[in-house]
Amino acid sequence: MLKQFLNLKISQKLSPQQIQLMKLIQLPTQAFEQRLLEEMNENPALEAGKEDEYEKDEYDTEEYDDYEDSEADRVDAEDINIDEYLNSDDTPDYKTQANNYSDDDDNKETPFAAAISFHQDLINQLNTFILNDEERDIAEFLVGSIDDTGYIRRSTADLVDDMAFTQGLYTSEKQVESILHIIHELEPTGVGARDLQECLLLQLKHKTPTESVDLATAIIEQQFDAFVRKHYDKLTQKFNISSEQLRNAIHEIERLNPKPGGSFSGNNKITENIVPDFTIRIVDGELELSLNGRNAPSLHVSKDYQEMMQTYKESKEKSSSQKDAVQFIKQKLDSAKWFIDAIKQRQDTLFVTMNAIMHYQKDYLLDGDETRLKPMILKDIADMIGLDISTVSRVANSKYVETPYGTKLIKEFFSEAMKNDQGEEVSTIEIKRILQNTIEEEDKKNPLPDDLLAEILKEKGYPIARRTIAKYREQLEIPVARMRKKL
């Protein structure tokens, strides 16, 4: 039995240009500048700076001779409107200097000192030890196995096997352990440890022996689990010590670095300074928004390429090679004109989106009180400015704004709404701030569990479930009550 169905499907596909525009919108200032340099390197028809004033001839739109072309998909010369590429009046006028730059702007770049990597520094330290060739090869392999936090998170047996299979180094677990003792002498102290317990012990053993250091070493060696779980009563009984002695020992442990690799300045990639994409200032009691001028460079289509088009237009004999040339020139001019227009669209999109966010959060931006941040989701802003939610998301997720209260990631202004006991909508940011303040003010000897925190916030007018308290606490990177306990 045959059945017929009518299936109506509407789909929308973005053009390559639209996709590129979305990518441009998503880029923060520094990444955008890099993208701009790449485009200018790839397209000689795109030039920076204001276009020089020069006298333009009046070009007519004469017809061109037909050409035979074996390639079916080639665009014939007569299909190319030469005047479109000779007219510079289409170049958008950004007025960037007037709107976004002033003579007082400080455009100095912060220089970065050249730094060696974390692992290279460890290799350099090995030069202070007397090692034979085999020992040095093992030591360098072990250094290469250290992760960015400073740990070797693999068993000795696995290390022995890997050296044999990947390096042709045939050694034993005993020899690897011996070389590990050398690695453990490198700086920063604690590097090369296999776990947190070993990392802390390595650092304690490098300290000057005192009663507190010796007790701290004994606690980590013998009662590490009890220490991690903060079973302080068990520790005082086990070592027959007072609370004061235990407090001093724990203080020594808390001064240690659980991630020794992270303390090395050359460990991570050089991090660029955050460059705010927007600036909000308060002028005469009103908010004033400006877009970083580096997002709106002055660009124009190359005069040389326009003149090449003019030369082609005036040529009486149009050969096949000339036709190939005009195809190439057209492609470059098209790309340059599109890119200039895309930057203008990016500039407008960024400004319109941030302007809407600024007005939506006006109360907060005027006084800096985070409890005055209104609940705001992407759809709120998208509806205000008539753009797609995904476009607003691209602006919010990767851009920074300089405010009178510090430089903020724009997405931090967004939050969901909850109702207080008065039925009023409040921002989850406000609730998180109250939760954080409550935890900061708690008795650290008896920290508040999540159910009691829920009761306290309910008393303050925020009826929130315990599981929601736990979720917000985790988002704030605050540990559970047991882990917040102090002597």
**Message:** Among the numbered criteria (1) open to solvent by 60 Å² or more (accessible area, probe 1.4 Å); (2) of a type in the set (S, T, N, Q); (3) touching a helix residue (DSSP H, G or I) at 6+ places or on another chain (Cβ under 8 Å), which one does T208 miss?
**Reply:** (3)
**Message:** Show me the strands (runs of 3 or more DSSP E) found entirely inside segment 273-364 where at least 1 residues are within 25 Å of the chain's Cα centre (by Cα) and closer than 20 Å to N43 by Cα.
**Reply:** none
**Request:** For segment 143-156, enumerate the residues that are of a type outside the set (V, I, T), within 31 Å of the chain's Cα centre (by Cα) and at negative phi.
**Result:** G144, S145, D147, D148, Y151, R153, R154
**Subset of segment 439-469 (residues that are aliphatic (A, V, I, L, M) and within 16 Å of M418 (Cα to Cα))** = A454, L457, I464, A465, I469
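So which residues in segment 391-416 are open to solvent by less than 50 Å² (accessible area, probe 1.4 Å) and touching a residue at least 40 places away in the same chain (Cβ under 8 Å), if there are any at all?
Of everything in segment 391-416, those that are open to solvent by less than 50 Å² (accessible area, probe 1.4 Å) and touching a residue at least 40 places away in the same chain (Cβ under 8 Å) turn out to be T391, V395, A396, S398, K399, V401, T403, I410, F413, S415.
Looking only at segment 427-449, which residues are charged (D, E, K, R) and either in a loop (DSSP other than H, G, I, E, B) or surrounded by fewer than 12 Cβ atoms within 10 Å (Cβ to Cβ) (or both)? Give the steps one after another, and end with the answer.
Step one: list which residues in segment 427-449 are charged (D, E, K, R), which gives 430, 432-433, 440-445.
Matches in segment 427-449: E440, E441, E442, D443, K444, K445.
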**Message:** Just to verify a result, which residue in segment 252-272, among those that are open to solvent by less than 100 Å² (accessible area, probe 1.4 Å) and at pLDDT 75 or above, is farthest from the chain's Cα centre (by Cα)?
**Reply:** E252
**Complete:** Residue hits (segment 140-156; open to solvent by 40 Å² or more (accessible area, probe 1.4 Å) and in a helix (DSSP H, G or I)) are E140, G144
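Take the residues of segment 175-198 that are part of a helix (DSSP H, G or I) and in contact with a Ser or Thr (Cβ under 9 Å, 6 or more places away or on another chain): which is nearest to L131 (Cα to Cα)?
Within segment 175-198, the subset part of a helix (DSSP H, G or I) is 175-183, 196-198.
Subsequent filtering for residues that are in contact with a Ser or Thr (Cβ under 9 Å, 6 or more places away or on another chain) retains 176-177, 179-180.
Numbers: V176: 13, E177: 15, I179: 10, L180: 13 Å.
Result: I179.
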**Prompt:** What is the one condition in (1) touching a residue at least 40 places away in the same chain (Cβ under 8 Å); (2) among the aromatic types (F, W, Y); (3) closer than 30 Å to I123 by Cα that Y232 does not satisfy?
**Reply:** (3)
**Item:** Tabulated pairs, segment 454-465, first in contact (Cβ under 8 Å) with a residue 24 or more places away in the chain, second acidic (D, E), C-beta under 7 angstrom, 6+ apart or interchain
**Value:** G461/D421; P463/D421
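Could you tell me whether L37 is open to solvent by less than 90 Å² (accessible area, probe 1.4 Å) and at pLDDT 70 or above?
Numbers: open to solvent by less than 90 Å² (accessible area, probe 1.4 Å): no; at pLDDT 70 or above: yes.
Judged against the criteria, L37 is not a match.
The values are calculated or read from the model by the stated rules, or taken from the named source; none is laboratory data. Small disclaimer: the values here were computed from a predicted structure and weren't measured. Note that each Cβ is placed from the backbone with ideal geometry, even for glycine, and that neighbours are counted across all protein chains shown. Calculation scope for accessible area: heavy atoms of the full protein, side chains included, ligands and nucleic acids excluded. Shrake-Rupley method; radii C 1.70, N 1.55, O 1.52, S 1.80 Å.
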